[in-house]
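Structure first, then comments.
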Amino acid sequence: MTHTDMKRILLIGSGGREHAIALALSRSPRLAKLYVSPGNPGTQAIGESIHLSMDNNFDSVIEFVKQNNIDITIVGPEQPLVDGIVDRFLAEDLVIIGPSKDAAQLEGSKAFAKSFMKKYNIPTADYAVFDDHDSAKDYVKTHGCPIVIKADGLASGKGVVVAHDEHTAIDALDSIFVHNKFSSNRVVIESFLEGVEASLMAFVDGNHIVHMVSAQDHKPIYDGDKGPNTGGMGCFSPSMALNPLVESYVLESIVNPTLYGIQSEGMDFRGILYFGLMIHTNNRASVVEYNTRFGDPEAQVVLNRLDTDLITICEAIHNRTLDALTIDWDVKQAVCVVLTSGGYPNHYDVGVPINGTEIFETTDSYTLIHAGTRLEGEQLLTNGGRVLGVLAKSWDIPSAAELAYNAIGHIHYQGMYYRKDIGLKPKTV
Ligand code: AMP
Ligand code: GLY
């Protein structure tokens, strides 16, 4: 391998997704050096943690990349993408994996995403957008329930309320218009879609779109998909609902038209596109949301199954040569169960000591994913709502889930909470 094959990488982010990306990068023979900003105790075992400010139009990041001869920067979370980090890098002729600011609106604004889907005839729930409280309330009363209330703008997965009764819908509107809980006073109100959810992520180079293996997230906090939505409580890959027939429909009616739309709008999208799907009983599907980055915890299960070098994929994304690459996946199936702080997704404490994670250092049967953790000396502490993920792989999802749950039995911290039903009965449509 020549030295030009070896790459110095900067990864931005600090969650479980970024630990999963770092783990995939660590499997590459082409990784010369990895920096993660700000990183977490999981990524720290693979790369060097640094703290780069995202303020001042990313000046500190640009300076670091130039001074440290970074070949490729990978952006984990959505906020820097929506704030235009990619545009800044491209203006400096630096290599970055992620969509430009206008393309990141597909995630950054639900109203924008819905009008994009309408324009390109991509199946999605019927909707209306409101900037004023009274018209939104009138719409809810006329339309009836179930109905879905979505705060426009980024909300870490917590800006959506599926309302089965009018009272809940009106409360959700109050939290947007009266309590100003979200960054914007605009609401998207959608018809309720029946079906089974699945996540399909794709590598996009602007000219080609290559989808990954599918996954199924579990957003509600409680077993049986009850309670408020979270950032994601666990995941398995593949989705059992996204069968080959549905997949054909999704490629023809959703994935390819989305790439066509991106091209027609003149967007520079060289990154990861995430399709949140609702699979219906008739082998069709609708888009619930776009994300313009890896899902979390989808990345944990999907990247664990990636057999092709992630650095080579990133290079192809940047050079618009994804069509020349064969991307291979492990046939084994993966499950990741998320452990949270007690009280999440509402108030929770941080700084709680975590014990029992040593077991993961001596086994390949399962992997500990760090999300909201930090180290104080040798002691691991909680540092967020989603604290850890436990990932296991096997020949079928229920046995991978069993492995993950057995491993969780070793971990202890006060207030530790996790769903007990991830992957035990994978849903078909
Ligand atoms: P979103 O952030 O748009 O993905 O919404 C979060 C979650 O709310 C989704 O993963 C679904 O579980 C649910 N959801 C969103 N939109 C709808 C819809 N139109 N019908 C049914 N459930 C929905
Ligand atoms: N797991 C859903 C997301 O990353 O938005």
note = Quick tally, 1.4 Å probe accessible area for His179, His51, sorted with the most first, runs His51, His179
query = Sorting Thr362, Thr2 by accessible area (1.4 Å probe), largest first, what list results?
reply = Thr362, Thr2
note = For Arg30, the accessible surface traced by a 1.4 Å probe with all protein chains present amounts, in square angstrom to the nearest 10, to 20 Å²
inquiry  = If each DSSP helix of 4+ residues adds -39,500 (n - 2.57) and the sum is divided by the residues in the chain, what number results at 222 nm, nearest 500 deg cm²/dmol?
reply    = -8500 deg cm²/dmol
inquiry  = Please give the charge dipole size of the chain, origin at the Cα centre, charges +1 on K and R Cβ atoms and -1 on D and E Cβ atoms. Round to the nearest 20 debye.
reply    = 340 debye
note = Which of Lys33/Lys110; Lys110/Lys393; Lys332/Lys420; Lys158/Lys332 exceed 26 Å between C-alpha atoms? The answer is Lys33/Lys110; Lys110/Lys393; Lys158/Lys332
request  = Could you tell me the largest-minus-smallest coordinate of the C-alpha atoms of the stretch 335-411 on each of the three principal axes, in descending order and whole angstroms?
outcome  = 37, 28, 16
ask   = With all pairs of different alpha carbon atoms counted, what Kirkwood hydrodynamic radius in Å does the chain show?
value = 22.0 Å
request  = Sort the stretch 1-77 into rounded, prolate or oblate with this rule: let a ≥ b ≥ c be the square roots of the eigenvalues of the Cα gyration tensor; rounded if a/c is under 1.5, and if a/c is not under 1.5, prolate when a/b is larger than b/c, oblate otherwise.
outcome  = oblate
query = Accessible area, 1.4 Å probe, largest first: how do Asp55, Asp296 sort?
reply = Asp55, Asp296
task = Using only Cα atoms, locate the centre of the stretch 248-270 and the centre of the stretch 149-185, then give the distance between them in Å, rounded to an integer.
result = 29 Å
ask   = How big is the accessible area of Lys141 in square angstrom, nearest 10, if you roll a 1.4 angstrom probe over the protein chains?
value = 110 Å²
inquiry  = Whole-Hz ³J(HN,Hα) for each residue in the stretch 130-142, computed from phi via Karplus 6.51 cos²θ - 1.76 cosθ + 1.60 with θ = phi - 60°, x for glycine and proline: what do you get?
reply    = 10, 10, 10, 4, 5, 5, 5, 5, 4, 4, 4, 5, 6
inquiry  = With an 8 Å Cα cut-off and a minimum separation of 6 or more residues, compute the relative contact order for the chain in percent.
reply    = 17 percent
The stretch 130-202, relative contact order [Cα under 8 Å, separation at least 6], % = 39 percent
task = May I ask you to give the percent of accessible area on the chain that is carbon plus sulfur, with a probe radius of 1.4 Å?
result = 47 percent
inquiry  = What is the distance in Å between the Cα centroid of the stretch 35-83 and that of the stretch 329-367?
reply    = 24 Å
task = Pull out the extension gain between Thr312 and Ser399, defined as 0.36 nm times the separation in residues minus the alpha carbon to alpha carbon distance; nm, one decimal.
result = 28.1 nm
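The values are calculated or read from the model by the stated rules, or taken from the named source; none is laboratory data. Worth saying up front: this structure is predicted, and the values here are computed from it rather than measured. So basically every Cβ, Gly included, is an ideal-geometry build from the backbone, and we count neighbours across all protein chains shown. Ligands, DNA and RNA are excluded from the accessible area calculation, which covers all protein heavy atoms including side chains. Shrake-Rupley method; radii C 1.70, N 1.55, O 1.52, S 1.80 Å.
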